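Notes for the one structure printed next.
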Amino acid sequence: MSGRPERSRAGDEDHVAGLVAGYREGHALAQDFYLSDAVFRRDVERVFMAQWHLAGHVSEIPQPGDYLLFDLLGESVIVVRDRDGAVHALANVCRHRGSRLCLEPRGNVRRFTCPYHAWVYNLDGGLFSARLMGAETDKATLGLKRLAIELFQGLIYVSFADRPESFAPARRVLEPLVAPFDLARTRVAARISYPVAANWKLLVENYNECYHCTAAHPEFSRSHVIHLPDDIAGPLNRAIADRAAATGAPADTLDGTWPNKAAGEIDVYYRRYALFEGYRSGSEDGRPVAPLLGGLTGWDGGASDVYVGLLNPMLVYSDHAVIYRFIPVDKDTSIQDVIWLVREDAVEGRDYDRERLVWLWDVTTQSDKLIIEKNQEGIRSRYYEPGPFAPMESYTQWFVNCYLNLIG
Ligand code: FES
Ligand SMILES: [Fe+2]
């Protein structure tokens with residue numbers, strides 16, 4: 001992972017404003033959005049230092065003193081459970097002279113001891129002791145810096161912003177729809193990180209449309225109806241509503257106009273769509289891959305598209321969930337993180353097989369990596385000119401609009 005990118009430079013403002021003003025609605029973004037250093041500096045400040053990020057799941061830090069690190073663009077965050085069970089997000093930066101405090105990505109500690117001069121911090125970030133410092137040292141003002149944190153159905157979100165977007169829509173409209181899957185009582189069964197030689201926006205744009213699925217993802221397309229136009233997918237999706245209701249999986253749709261959100265609030269989205277006949281889960285052969293989630297009473301043959309913010313979409317089947325994270329390394333390089341959740345009491349080898357669980361989204365993400373990298377290569381060409389979006393790319397257009405609002 002590279003270091004923190006430099007902050008904005010003089011001239012960035014005008015360059016980015018010119019690009020945003022020149023955007024042609026209904027079209028892909030201009031070349032400089034992907035290639036310019038000024039845009040990337042702006043992306044870091046306005047998108048990544050402002051949005052909510054999925055840092056982990058509560059099952060990864062079940063005991064007091066358990067912690068994990070969430071690293072992004074040169075920043076490092078300690079996500080830790082204290083003795084009372086509360087979870088904190090603390091900057092991994094010592095308040096003495098700034099050393100990293102935690103060096104291991106995961107662990108369990110009684111307290112955090114800085115490796116440099118051995119200042120010691122409590123699990124809630126408060127300064128416990130500062131070796132050989134005078135009595136005048138005001139420990140109360142030297143606690144670790146705290147980041148905004150939200151726990152949502154067992155998922156841990158953090159934000160680097162002083163005043164992050166409000167989580168209210170997630171609580172108000174999304175949580176009741178996701179609650180039946182009881183993601184708080186799941187655990188991480190697998191995770192794979194795919195390095196992608198492309199600007200982060202190409203990963204998000206790709207995820208947000210299934211216009212490419214028929215050509216690029218035969219494995220996905222034979223099981224999921226979402227790559228079909230609405231006149232074909234619509235009846236199948238309406239048919240699933242009854243089956244979903246019978247098993248306890250919400251089939252409501254928070255539609256793509258985001259009606260439940262005001263300025264300064266997080267973007268949320270939920271829709272359950274159908275798998276093809278014979279598919280009960282997102283698996284190679286259609287058979288379930290793990291025990292039913294939460295309080296569901298059966299497999300409805302559906303999948304829920306869920307967004308908690310712009311950067312962490314997930315797909316929830318009846319028996320597992322798949323979460324995506326788009327992590328920029330630099331303007332030309334990103335990491336596609338994929339995380340699989342199964343019910344907390346599911347035992348590998350007995351209740352699920354890891355290879356069967358990850359099969360679909362592993363092959364699909366490997367194909368995406370290739371097409372995204374070829375997309376980046378073409379965008380670098382002198383012959384690149386932004387073309388028109390297809391009707392099936394409406395969510396990519398939605399992302400582009402959200403993005404332009406953020407950086408504009
Ligand atoms: S930098 Fe941490 S104790 Fe000195
Ligand atoms: Fe794809």
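Extension gain for R171-D37 works out to 44.6 nm (0.36 nm per residue, less the C-alpha to C-alpha distance). Annotated for the chain: lysine pairs at least 8 residues apart or interchain, Cα distance under 23 Å, count 6. Contact order, relative form, for the stretch 165-407: 29 percent (alpha carbon pairs under 8 Å, 6 or more residues apart, mean separation divided by residue count). With Cα atoms as the point set, the radius of gyration and Dmax of the stretch 54-150 evaluate to 12.9, 41 Å.
Cα extents for the stretch 161-215 along the principal axes, largest to smallest and rounded to whole angstrom: 36, 32, 23.
Sorted by average packing, counted as other Cβ atoms within 10 angstrom per residue and highest first, what order do 60-66, 281-287 take?
On the way: 60-66: 15.1, 281-287: 18.1.
So the peptides 60-66, 281-287, ranked by packing, come out 281-287, 60-66.
Each Cα pair under 8 Å and six or more residues apart adds its sequence gap; the mean of these over the residue count of the stretch 100-211 is a relative contact order of 13 percent. Taking only the Cα atoms of the stretch 30-97, the ratio Rg/Rh comes out at 1.13, with Rh defined as the Kirkwood radius. In sequence order, the stretch 71-84 has phi-based couplings of 10, 8, 6, x, 8, 9, 10, 8, 9, 9, 9, 8, 5, 8 Hz under the Karplus curve 6.51 cos²θ - 1.76 cosθ + 1.60, θ = phi - 60°, and Gly or Pro positions carry x.
Expressed as a fraction of 2.2 N^0.38 Å, the rule-of-thumb size for a compact globular protein of N residues, what is the C-alpha radius of gyration of the stretch 317-389? Numbers along the way, then the final one.
Working: Rg = 17.1 Å, N = 73, 2.2 N^0.38 = 11.2 Å.
With N residues counted in the stretch 317-389, Rg over 2.2 N^0.38 Å equals 1.52.
Entry for the stretch 165-407 at q = 0.07, 0.16, 0.18 Å⁻¹: log10 I(q)/I(0) = -0.23, -1.28, -1.61, Debye formula applied to identical alpha-carbon scatterers, no solvent contribution. Length gained on full extension, D351 to A239: 37.4 nm, using 0.36 nm per residue less the C-alpha separation.
Just from its helices, what would the mean residue ellipticity at 222 nm be for the chain, if runs of 4 or more DSSP H residues each count -39500 (n - 2.57) and the sum is divided by every residue, rounded to the nearest 500 deg cm²/dmol? Kindly include the intermediate steps, with their values, before the conclusion.
Numbers: 10 runs with 99 residues, N = 408.
After summing the helix terms and dividing by residue count, I get -7000 deg cm²/dmol.
Once the C-beta distance of L151 and R97 is scaled by a Förster radius of 35 Å, the resulting FRET efficiency is 0.60 to the nearest 0.05. Sorted from longest to shortest, the spans of the Cα atoms of the stretch 182-285 along the three principal axes equal 42, 38, 35 Å. Between the exposed loop cleavage positions of the chain, defined as trypsin sites (Lys or Arg not before Pro) in a non-H, G, I, E, B DSSP state with at most 10 neighbouring beta-carbon atoms within 10 angstrom, the longest gap is 98-349.
With one equal scatterer per alpha carbon and no solvent term, the Debye-computed log10 I(q)/I(0) for the stretch 1-122 at 0.10, 0.17, 0.19, 0.21 1/Å reads -0.46, -0.89, -1.01, -1.14. The Cα-based radius of gyration and maximum Cα-Cα distance (Dmax) for the stretch 274-366 are 14.1, 45 Å. Label reach from F128 (point 7 Å along Cα→C-beta): in the stretch 76-99, amide nitrogens under 11 Å belong to 83.
For the chain, what are the DSSP H helices with axial Cα length of 15 Å or more and mean Kyte-Doolittle hydropathy of at least -1.0? Walk me through the numbers before you get to the answer.
Values: long enough: 230-247 (26 Å, -0.12); 354-379 (36 Å, -0.61); 394-407 (20 Å, 0.44).
Counting only whole DSSP H runs, the qualifying helices are 230-247, 354-379, 394-407.
Hull volume per residue, based on the alpha-carbon atoms of the chain and their convex hull, is 148 Å³.
As a length-normalised measure over Cα pairs under 8 Å and 6 or more apart, the relative contact order of the chain settles at 19 percent.
When the chain is fully extended, how far beyond the present Cα-Cα distance does R163 get from E265, taking 0.36 nm per residue of separation?
Details: separation 102, 0.36 × 102 = 36.72 nm, distance 1.09 nm.
Residue separation times 0.36 nm, minus the Cα-Cα distance, leaves 35.6 nm.
FYI, it's all coordinate maths here, none of it is from the lab. All figures in this text were calculated on a predicted structure; none of them were measured in a lab. Methodologically, a virtual Cβ is constructed for each residue, glycine included, from the backbone with ideal geometry; neighbour enumeration extends over all protein chains shown.
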